[in-house]
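A.B. asks: Here you go, one structure.
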Amino acid sequence: MKGKYSQNREARMAERQAHHAKMQSLLLADTFDEAQATALAKEMVERQTEHRVKMLERKHQMLSVLTPEQKAEFVKLQNERMQECG
């Protein structure tokens, strides 16, 4: 498990470095390449969407072990928290 996490971490770091290099290339170019900027922006949206889906899946897994009463209490607490935040 730990080895798999380490491999995933290294892969994510390599992805971030590649993304950073693409952004630097785009921003430091003599002329602005709108097609490249659009492709990069779409890539960013796709990555963010994947991240949010994984986050929602993990949250669903956590909440799926609750009883109906616990789920009702969870909803109640969430609503109270939202009221406090405005």
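A.B. asks: Residues being loosely packed, with under 10 Cβ neighbours inside 10 Å and part of a helix (DSSP H, G or I): count how many of those fall in region 63-73.
C.D. replies: The total comes to 2.
A.B. asks: Follow-up question, since we're still on this one. Modelled with pLDDT under 95 and basic (Lys, Arg): does that describe ARG47?
C.D. replies: Yes: the conditions hold for ARG47.
A.B. asks: Can you tell which of HIS51, HIS60, HIS19 is in a helix (DSSP H, G or I) and in contact (Cβ under 8 Å) with a residue 12 or more places away in the chain?
C.D. replies: That would be HIS19, the only listed residue that is in a helix (DSSP H, G or I) and in contact (Cβ under 8 Å) with a residue 12 or more places away in the chain.
A.B. asks: Say whether the condition of being surrounded by 10 or more Cβ atoms within 10 Å (Cβ to Cβ), touching a residue at least 24 places away in the same chain (Cβ under 8 Å) and either in a loop (DSSP other than H, G, I, E, B) or acidic (Asp, Glu) (or both) is met by at least one residue in region 36-45.
C.D. replies: yes
A.B. asks: I've got another one for you. Pairs, please: C-beta under 8 Å, at least 6 apart or cross-chain, first residue surrounded by 10 or more Cβ atoms within 10 Å (Cβ to Cβ) and in region 74-86, second assigned to a helix (DSSP H, G or I)?
C.D. replies: Final answer for the pair search is PHE74/LEU63.
The values are calculated or read from the model by the stated rules, or taken from the named source; none is laboratory data. As the structure is a computational prediction, the values presented were derived from the model and not from experiment. For neighbour counting, all protein chains shown are included, and Cβ atoms are generated from backbone atoms with ideal geometry for every residue, glycine included.
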